[in-house]
Structure formats: C-alpha cells, structure tokens
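Here is the structure we will look at, set down as structure tokens.
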Amino acid sequence: MREETGFIPVDGHRVWYRRAGGGPGLPLLLLHGGPGAGHDYLEPLEGLASGREVIFYDQLGCGRSDRPDDPSLWRMERSVREVDTVRRALGLERIHLLGQSWGGWLGVEYMLSQPRGIAGLVLASTSASIPQFVAEAVTLKARLPAPMVSVMARCEAARQWNDPAYLEAVMEFYRRHLCRVHPWPECMQRTVRNLEGNQVYEVMNGPNEFVVIGNLKDWDRIDRLGEIRVPTLITVGAHDELTPACAETLHAGIARSRLELFEHSSHTAHIEETARYLEAVEAFLRHVEGAPA
C-alpha cells in the first residue's frame, strides 16, 4: 500500500499530511473534528484505502502540524481556505470529501463556497447549526443521573470547568454520547490528548463538547443547505451527541442526500461499528462514481 507523509505551507506555518493507499476510486480527503482534535481518531477510515487513496491531514494548530500561539488564526473562514491550500498542494483536483463533527461544519461551509471537483460528500456525526446541536445536548445532559445534572448546572453557571465533580459528569456524557467503546481505543486516546489545552478548541468551541461559547457559537447554515448540490451521505449514531435530529435537518436541506443511522454507535460510528461504517461509505462512493457497489 502506497504511503506518503509530509508538510504543506499554510499561512506561514506547516500542516502535516498523510496519503495512504491507492486504486481506481477517486481520492477521499478527510476533515477531522475538534476543532483541534487532529486526524488520529479517524485512522480506522484507512480501511477505505484498498480501492482509493485516503488523505489525512492535521489542521493547523493541532496534531503533527505547527501550533502557532495566535488566536486570530482560529476562524472558520481561514479553515475553509486551508482546505483549498491542501488540495492545491497535493493535486487533489477531483475528490470525495468526508467531514466528521467539526469537520462536517467545515465541510458544509466549504461546500457553500462552491468548490470545483467535489464528486461526493460525507457528513459524519455533524449538523448544519451549532444552536441546534447545543439545544440537543441540553436534552441529552438532562438524561444523566440527577446528581450529575445538578453539578453541571451549578458549575456551568459559575464557569467552574475544572471542578472534579463536573469533570466526572462530563466524562459520563462522553461515555454515553462520544464513544461507547470501552476502553477508548488508542487512536481515540491520542485525539483526547491533542485537545488538552488546545488553543484552537478553546477559541472556536469552548471548554468541552457541549458548552460552545467560542466564535462558532452562532454558526448556522440551515437556510443555505439547498446550495449543496453534490450527492451527500449523512451518517449518525443513534446515541450521538450530534443527534439524529441534527442529521435529519441536514437530510431535509440537502436535496441529493441519504441518511445512514448506526444503531449501536454514538459520535464515532467509524470506531464503534467499523466494518459496517466502512461498507456504507465505500458503497456510497462507488455509487457516486458509477461503479458497481
């Protein structure tokens, strides 16, 4: 299997990438979550590399890429430009694009710029609206044990993000709605370490997965989803922190979309139900390309 790693100049810094695999299928470019998580937890998607090239990259500010101390860099519009920079540097003229979580928000925004050469789009465990996601997260939090609900309300009101009882409640939320594989696989643990104290995450998102107080908090593209005209696969876990309701909103707004629900998964179906996830994505990509599924 072919493999290549290197760095791409981006905004005066370096962004790390890795190309794996090859074959007749169109290349698949991956946009990881976070923001700031790094590519690590997406490694199971290398299972798609037997028939096509799969390209991972760590967005600026995380993972193996440079981590400049400059909060002004962490904006949606700069991240959109970064996708184009990566594509040009790697010669990715006609591709499929997969965005997971924050990578899905980035993918939606990127597609609204009407880029050329995107054959198919996969939006994995994501949404078209952060306010909708936050409202859904409130409902999920309310289903935690009553003492944890009380602790969360108290600590969030006081912005006591590091209170041990609060962190315990957050971890219970994550066990239910982020990744239901226990213990978390090593690639997921690397991603968690990437996020510890990550400036990108803190500036754009906030203190944790469901308290979004960064500059993304008002991002909402529900009314513009009709501008996405390429075939789109939307995937979501039944227990996802970015809930099936968020996925249904995407599906309703994107005309050429289909929705795939993973009953035994939360936010990382590609880890929690890997074989079925790879099968579903590969079948979609082959269908878009006009090849037998």
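Observations, loosely collected:
- Check on Ile271, under 17 Å from the mean Cα position of the chain (by Cα), farther than 25 Å from Leu144 by Cβ, modelled with pLDDT of 95 or more and not hydroxyl-bearing (Ser, Thr, Tyr): no
- Selection of region 61-82 for residues being surrounded by 23 or more Cβ atoms within 10 Å (Cβ to Cβ) and under 30 Å from Ala275 (Cα atoms) yields Cys62, Gly63.
- Flag if Arg190 is in contact (Cβ under 8 Å) with a residue 40 or more places away in the chain and touching a Ser or Thr at 6+ places or on another chain (Cβ under 7 Å): no
- Residue list for region 83-108, restricted to those being of a type in the set (Asp, Glu) and either open to solvent by less than 60 Å² (accessible area, probe 1.4 Å) or closer than 20 Å to Asn198 by Cβ (or both): Asp84
- The listed residue being closer than 18 Å to Gly34 by Cβ, of a type in the set (A, V, I, L, M) and at pLDDT 95 or above, out of Leu242, Leu233, Leu225, Leu259: Leu242
- When Asn205 is tested against the conditions (1) within 17 Å of Ser101 (Cα to Cα); (2) touching an Asp or Glu at 6+ places or on another chain (Cβ under 8 Å), the lone failure is (2).
- All helices (runs of 4 or more DSSP H) inside region 170-286 with 3 or more residues being open to solvent by 10 Å² or more (accessible area, probe 1.4 Å) and not β-branched (Val, Ile, Thr): 186-195, 199-204, 244-253
- Residue-level analysis places Arg2 among those that are modelled with pLDDT under 95 and either over 27 Å from Glu273 (Cβ atoms) or buried (at least 22 other Cβ atoms within 10 Å of the Cβ) (or both).
- Top-ranked residue in region 145-169 [being more than 20 Å from Ile213 (Cβ to Cβ) and not small (Gly, Ala, Ser); ranked as least open to solvent (accessible area, probe 1.4 Å)]: Met148
- Selection from region 218-243 of residues that are over 17 Å from Gly99 (Cα atoms) and of a type in the set (Gly, Ala, Ser): Gly226, Ala238
The values are calculated or read from the model by the stated rules, or taken from the named source; none is laboratory data. Here the structure is a predicted model, which is why all the values come from computation and not from measurement. Heads up, the Cβs are rebuilt from the backbone with ideal geometry, glycines too, and the neighbour counts pull from every protein chain shown. In case anyone asks, the SASA skips ligands and DNA or RNA and just uses the protein heavy atoms, side chains included. Shrake-Rupley method; radii C 1.70, N 1.55, O 1.52, S 1.80 Å.
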